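Reviewing the structure listed below.
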């Protein structure tokens, strides 16, 4: 049963579910909704922990990969890893081919848990030493059967402790390959307990998990505070805007988390007379945008709380009751957060905001958020270079762009130069560039972020064509669909066709010039409107409508954060001249 002692590990949170026969886990399978008790979920986790102990090769790192949608097996295996002293690498099913194999092998996963729906992703991949378990099969059930009577604490590879690794969650970086952030049981248990206190989570709450569990948001901000507060969780296999409200009512959900454009998708559904007839009291997430948060509250009667906290644990921003619209809050307890100009190392001046809260001095005020105080960052798995870059000069560099107002409130402004954040997925430009470079008509390619009109970024590609080639939007679209390792978030929203790639004196792509112009440039730009797969010219009418959308969301200033395009005219040299 639950105790009053503050848990030091996630294993303790799992174990204290034992004997609690209230509803703990709800989900839908084959159009039928199921309810499992807290006790049953702890029992299932204990069975898998015992199986894991027997299957893990001697001497291997106690790591397992989980390539699943939000099925009950995902939290079962998270609990199993906690009880067994093992670590879970959340594997992103939008990754493809060699990149997917790299994620599994880089994290030293000797066991991979997947489901029949994802088996096609693994076909043809070279995964030496990895044992694949497919949930929902007779073989899988036969493997589990001998461990059905296991109890929490009976089987472990290593005794769970606050310093035990539990999660290896991927976050991309400037090196091009995703980095696996280490999250220990102690830090995760503390984070879950802190959120449970912040949002007054009780056993009467139901946390609706519709964001993917391979992402830190769903685990850290939804599953863990439910565990800490004794609440039930309800799983949606994959996010569905149309099913959201029906699920909330069916499960009696009181809390949910979101990332990226999820709120915009919910607002895009047709209004219903019963939009406010539900049990929800709170949504917690990031990148909804102040405009859409207000629209969500007006339509559904639900308050959205925007937060910021990297999976790595290096910095956090805490909201206070006096936080102004659009801001995330101030530095968390013990953090010394500053907005730093990465070129000079100097602190950026305070933001100047107009009466509507729009930023007037973005080129000066926007910089990288840095934690100059203590940091809970626990490192990256086998990536010392990335660790050193993240903690250079004794500070923790978040890789995120922010600005701070005169009262010290912090506002999120996007990703740093060579990183992109699309629908809350962190992408690396180099990975996308390497894929687009396969296009035979391209002489040179550069990929960079442009601000999304609502939240985060969109992918933009500048392409210099080979001599005699012309841009064919249908052929380019066919090329993209044919690339097995092009993830679903990687396809460019905008494609700029230019005669020559601008380069610096050292023959590096002049990314500042490209970002500064964005899609407002003299060269032809092709784009895919949201929800469409066909590229079309971004003509004057389409550009005007797009800029109106930025204005409506209060994000027009972000397009100008590096200055206006006409103020900057670098000398462009053809990349072919440098070969």
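Bear in mind these aren't lab numbers, they're just calculated from the coordinates by the rules spelled out. In this text the structure is predicted, and so the values were computed from the model without any measurement. No Cβ is skipped: glycine too gets one built from the backbone with ideal geometry, and neighbour counts run over all protein chains shown.
Structure notes:
- For residue 533 and residue 202, the difference between the fully extended length at 0.36 nm per residue and the C-alpha to C-alpha distance is 114.7 nm.
- Simple label model, 7 Å out from Cα along Cβ direction - residue 364 to residue 389, nm: 3.1
- FRET efficiency, 1/(1 + (r/R0)^6) with R0 30 Å, evaluated for residue 521 and residue 352 via beta carbons: 0.65
- Estimated at 0.36 nm per residue, the fully extended path between residue 33 and residue 547 surpasses their Cα-Cα distance by 180.6 nm.
- Ordering 208, 265 by the number of other Cβ atoms within 10 Å of each residue's own Cβ, fewest first, gives 265, 208.
- When DSSP beta bridges are restricted to pairs lying wholly in the chain, around 60% turn out antiparallel.
- Helix 73-84 vs. the chain, principal-axis angle (Cα, 0 to 90°, nearest 10): 70
- The gain in end-to-end length when the residue 407 to residue 139 segment is fully stretched comes to 90.5 nm, 0.36 nm per residue minus the alpha carbon separation.
- The relative contact order of the chain, computed from alpha carbon pairs under 8 Å that lie at least 6 residues apart in sequence, is 11 percent.
- The chain: C-alpha gyration tensor shape, a/c 1.5 cut-off, then a/b vs b/c: prolate
- Separation of the residue 148 and residue 320 label points, Cα + 7 Å toward Cβ, nm: 5.6
- Modelled label positions at residue 119 and residue 6, each set 7 Å beyond Cα in the direction of Cβ, lie 4.8 nm from each other.
- Gap separating the Cα centres of the range 330-381 and the range 223-273, nearest whole Å: 31
- C-alpha long axis of helix 241-251 to longest principal axis of the chain, angle in °: 20
- Computed [θ] at 222 nm, helices only, for the chain once each DSSP H run of length n ≥ 4 contributes -39500 (n - 2.57): -7500 deg cm²/dmol
- Tilt relative to the chain, helix 38-55 - C-alpha long axis, 0 to 90 degrees, to 10: 80
- For the range 11-184: rounded, prolate or oblate by the Cα gyration tensor [a/c cutoff 1.5]: prolate
- A Förster radius of 56 Å, combined with the Cβ-Cβ distance separating residue 60 from residue 540, puts the computed FRET efficiency at roughly 0.40.
- Label point of residue 127 set 7 angstrom out along Cα-Cβ; within the range 483-499, amide nitrogens under 19 Å from it belong to 484-488.
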